[in-house]
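Written below as structure tokens is the structure these notes are about.
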Amino acid sequence: MEVALRMAEFPLLSAIIWLPVLGAIALLILPRNDRLIRWFTLVVSLVDFAIALPLFSWFDKSFSGMQFVEKHTWIKAWNISYFLGVDGISVLFILLSALITILCVLISWEAVTEKVKEFHIALLLTSAAMMGVFCSLDLFLFYLFWEAMLIPMYLIIGIWGGPNRLYATIKFFLYTLVGSVLMLVGIIFLYLKAGTFNILEIMKLGLPYHFQFWLFWAFFAAFAVKVPMWPVHTWLPDAHTEAPTAGSVILAGILIKMGAYGFLRFSLSFFPVAAKAMMVPMLVLSVIAIVYGGIICLAQTDLKRLIAYSSVSHMGFVTLGIFSLEGNAVEGAILQMINHGIVTGALFMCVGIVYERTHTRAIKDYGGLATVMPIYAAFFMVFTLASIGLPGTNGFIGEFLILLGTFASKRWAAALGALGVIIGAAYMLRLYQQVFYQEVNPKVAGLPDVKMREVLALIPMLFLVLIIGCYPTPFLAFMHESVRSLLEHVHGASAVSFSEIIKEGLHVVLPS
């Protein structure tokens with residue numbers, strides 16, 4: 001017990017964040033030996049994951065506040081601190097980020113053959129920035145990590161992506177930058193009102209609801225683009241299509257979760273009155289994303305674009321759960337964020353495996369893969385069933401909790417959202433039938449089945465699909481107290497109608 005307490009005083013979160021940065025710096029010094037660089041990056045990512053693992057066992061699930069807190073004065077004149085901590089909403093994302101970094105190294109082992117050193121530096125820097133976003137409890141520090149993540153991701157897509165990578169990277173960068181600039185305006189306003197960037201202190205600020213209205217939309221601009229919500233989703237299919245496999249896995253697994261995390265950490269915490277007033281509009285946007293994303297998937301002919309558009313639909317379920325403002329739905333939304341990272345990340349890895357062999361993503365170029373690559377077909381089948389929410393897989397429990405909670409809050413939203421489950425089953429099962437059954441396409445005849453390295457990358461995802469699907473209680477236990485505390489904070493705020501908050505919000509800008 002004493003050893004555990006002493007270890008708990010260790011700056012665990014700092015180690016998790018900065019070890020990949022140190023690894024990236026070390027890569028600059030290492031000679032251009034591709035094998036050495038790959039193995040070194042793999043070791044760094046494995047050590048980082050090992051450092052993060054104690055979060056799972058040491059985290060106190062009965063406590064709703066921040067844990068593993070580190071706080072040091074940074075820029076005293078502006079009251080900026082190096083302030084880190086995690087609660088039940090953020091802790092699982094740290095573990096998922098560390099795991100996905102390992103898998104990205106494995107899946108890129110043979111796929112990336114040019115500028116290998118630069119690729120792995122960008123990968124480690126992306127990992128560090130992602131960790132920082134989920135750990136930051138100072139808005140200034142959060143914004144630095146939020147923006148820092150864009151640079152290595154821009155390079156990963158722009159240098160190692162497909163033929164239209166420049167268009168995709170510019171579109172990705174501009175969309176996210178515009179949203180981030182509006183959020184920066186909101187952050188500056190909050191600092192001027194509160195005199196601090198401390199997230200926990202700003203939660204207690206109690207802003208007038210007409211200010212909450214405008215600040216809600218300023219933060220919404222950044223988070224909605226990152227999710228991505230309809231109609232600011234169009235950067236995602238292009239970025240996914242052109243990104244290398246590792247880039248797609250990071251985008252699906254972690255990056256788009258940051259938007260939904262932002263809604264939970266900031267939109268609900270800072271602006272509870274506005275969040276309640278905007279509940280119906282946000283549910284409408286979520287339902288549109290669910291149905292629209294699913295219908296668009298039915299028309300896709302490219303493997304990666306289909307899975308990319310499915311992310312729009314699946315993340316629509318996440319925002320549906322968040323803005324239902326009901327305990328089961330919010331917990332289901334957080335779990336579904338984890339589930340989506342696992343399942344969609346695994347599907348992108350699977351697409352990357354066959355793309356390396358065939359250099360085509362066109363669905364029509366496949367057929368009969370179940371005969372040619374039976375082990376690969378088995379992996380893809382499990383992830384397909386998880387994507388459509390089959391009971392016994394992780395996709396089911398997340399969607400079930402979201403729909404259960406939303407039904408208790410807004411029945412019409414749950415009923416319309418359930419259409420997405422039906423549409424999802426249609427496009428995923430049709431995809432599996434076209435790719436794995438029918439006659440063997442001559443273009444895939446004779447392809448080798450999955451290699452041991454590829455199996456090692458897919459097995460952790462397979463394990464999580466089944467363990468969360470069959471026994472989700474340990475994962476839900478992490479978030480229960482934090483979600484309860486957050487919703488008490490939201491529901492404890494005064495209630496203002498949508499029309500009233502719009503009227504008062506406009507009055508601030510257009511006074512009589």
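Condition check: β-branched (Val, Ile, Thr), modelled with pLDDT of 90 or more, touching a Ser or Thr at 6+ places or on another chain (Cβ under 9 Å) and not in a loop (DSSP other than H, G, I, E, B). Does ILE459 satisfy that?
No.
Which is surrounded by 14 or more Cβ atoms within 10 Å (Cβ to Cβ) and of a type in the set (A, V, I, L, M), of ALA418, ALA445?
ALA418
Looking at VAL273, VAL232, VAL249, which one is among the β-branched types (Val, Ile, Thr) and surrounded by fewer than 22 Cβ atoms within 10 Å (Cβ to Cβ)?
VAL232
Those residues that are surrounded by 23 or more Cβ atoms within 10 Å (Cβ to Cβ) and either touching a Lys or Arg at 6+ places or on another chain (Cβ under 9 Å) or farther than 19 Å from ILE17 by Cβ (or both), I need them from segment 113-129; list them, please.
PHE119, HIS120, listed by residue number.
Out of segment 184-200, which residues are in contact with a helix residue (DSSP H, G or I) (Cβ under 6 Å, 6 or more places away or on another chain) and free of Cβ contacts under 8 Å to residues at least 60 places away in the same chain?
Passing the criteria: VAL185, GLY186, ILE187, ALA194.
Can you pull out the residues in segment 314-359 that are among the polar types (S, T, N, Q), closer than 18 Å to SER286 by Cβ and surrounded by fewer than 24 Cβ atoms within 10 Å (Cβ to Cβ)?
Passing the criteria: only ASN328.
Just the residues that are under 22 Å from PRO474 (Cα atoms), out of contact with any helix residue (DSSP H, G or I) (no Cβ under 8 Å at 6 or more places or on another chain) and among the charged types (D, E, K, R), please, taken from segment 49-79.
Of everything in segment 49-79, just one residue is under 22 Å from PRO474 (Cα atoms), out of contact with any helix residue (DSSP H, G or I) (no Cβ under 8 Å at 6 or more places or on another chain) and among the charged types (D, E, K, R), namely ASP60.
Can you name the condition, by its number, that ARG32 falls short on among (1) touching an Asp or Glu at 6+ places or on another chain (Cβ under 9 Å); (2) not in a helix (DSSP H, G or I)?
Of everything listed in (1) touching an Asp or Glu at 6+ places or on another chain (Cβ under 9 Å); (2) not in a helix (DSSP H, G or I), ARG32 misses just condition (1).
A quick yes/no check of all residues on (1) in contact (Cβ under 8 Å) with a residue 12 or more places away in the chain; (2) more than 16 Å from SER127 (Cα to Cα); (3) over 23 Å from the mean Cα position of the chain (by Cα):
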{"position": "LEU28", "(1), (2), (3)": "yes, yes, yes"}
{"position": "TRP39", "(1), (2), (3)": "no, yes, yes"}
{"position": "ILE51", "(1), (2), (3)": "yes, no, no"}
{"position": "TRP74", "(1), (2), (3)": "yes, yes, yes"}
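Kindly list the number of the only condition in (1) closer than 23 Å to VAL47 by Cα; (2) buried (at least 24 other Cβ atoms within 10 Å of the Cβ) that fails for LEU137.
Here LEU137 meets the rest and fails (1).
Considering only segment 106-118, I want to know if a residue exists there that is under 30 Å from VAL69 (Cα atoms) and in a helix (DSSP H, G or I).
No; the residues of segment 106-118 include none that is under 30 Å from VAL69 (Cα atoms) and in a helix (DSSP H, G or I).
On the basis of being buried (at least 24 other Cβ atoms within 10 Å of the Cβ), more than 13 Å from SER313 (Cβ to Cβ) and within 12 Å of the chain's Cα centre (by Cα), does VAL227 make the cut?
Criteria not met by VAL227.
Among the candidates VAL440, VAL450, VAL444, VAL421, which residue alone is in contact (Cβ under 8 Å) with a residue 24 or more places away in the chain, β-branched (Val, Ile, Thr), part of a loop (DSSP other than H, G, I, E, B) and touching an Asp or Glu at 6+ places or on another chain (Cβ under 9 Å)?
Of the residues listed, the single one that is in contact (Cβ under 8 Å) with a residue 24 or more places away in the chain, β-branched (Val, Ile, Thr), part of a loop (DSSP other than H, G, I, E, B) and touching an Asp or Glu at 6+ places or on another chain (Cβ under 9 Å) is VAL444.
Sort through ALA129, ALA122 and tell me the only one that's of a type in the set (Gly, Ala, Ser), within 25 Å of ILE25 (Cβ to Cβ), in a helix (DSSP H, G or I) and over 17 Å from the mean Cα position of the chain (by Cα).
ALA122
Considering only segment 109-161, how many residues are touching a strand residue (DSSP E or B) at 6+ places or on another chain (Cβ under 9 Å) and of a type in the set (Asp, Glu)?
Selection size over segment 109-161: 1.
Looking only at segment 381-404, decide whether some residue is in contact with a Pro (Cβ under 7 Å, 6 or more places away or on another chain) and touching a residue at least 12 places away in the same chain (Cβ under 8 Å).
Yes, that holds for at least one residue.
Per-residue answers, yes or no, for (1) assigned to a loop (DSSP other than H, G, I, E, B); (2) without any contact (Cβ under 8 Å) to a residue 12 or more places away in the chain; (3) over 17 Å from the mean Cα position of the chain (by Cα); (4) over 15 Å from ASP238 (Cβ atoms):
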site: ALA252; (1), (2), (3), (4): no, no, no, no
site: PHE263; (1), (2), (3), (4): no, no, no, yes
site: SER269; (1), (2), (3), (4): no, no, yes, yes
site: SER286; (1), (2), (3), (4): no, no, no, yes
site: ILE307; (1), (2), (3), (4): no, no, no, no
site: SER311; (1), (2), (3), (4): no, no, no, no
site: PHE317; (1), (2), (3), (4): no, no, no, yes
site: LEU320; (1), (2), (3), (4): no, no, no, yes
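If a residue counts only when it is charged (D, E, K, R), which helices (runs of 4 or more DSSP H) contained entirely in segment 165-246 have at least 2 such residues?
Qualifying helices (runs of 4 or more DSSP H): 165-194, 235-242.
Within segment 140-151, work out how many residues are surrounded by fewer than 23 Cβ atoms within 10 Å (Cβ to Cβ), touching a residue at least 24 places away in the same chain (Cβ under 8 Å) and more than 15 Å from the chain's Cα centre (by Cα).
The total comes to 5.
ASP60 versus (1) of a type in the set (D, E, K, R); (2) touching a residue at least 40 places away in the same chain (Cβ under 8 Å); (3) surrounded by fewer than 17 Cβ atoms within 10 Å (Cβ to Cβ); (4) under 30 Å from LEU200 (Cβ atoms): which is the lone unmet condition?
Unmet for ASP60, out of (1) of a type in the set (D, E, K, R); (2) touching a residue at least 40 places away in the same chain (Cβ under 8 Å); (3) surrounded by fewer than 17 Cβ atoms within 10 Å (Cβ to Cβ); (4) under 30 Å from LEU200 (Cβ atoms): (2).
The values are calculated or read from the model by the stated rules, or taken from the named source; none is laboratory data. Keep in mind that this is a model prediction, so the values were computed, not measured. Virtual Cβ from ideal backbone geometry, glycine too; neighbours counted across all protein chains shown.
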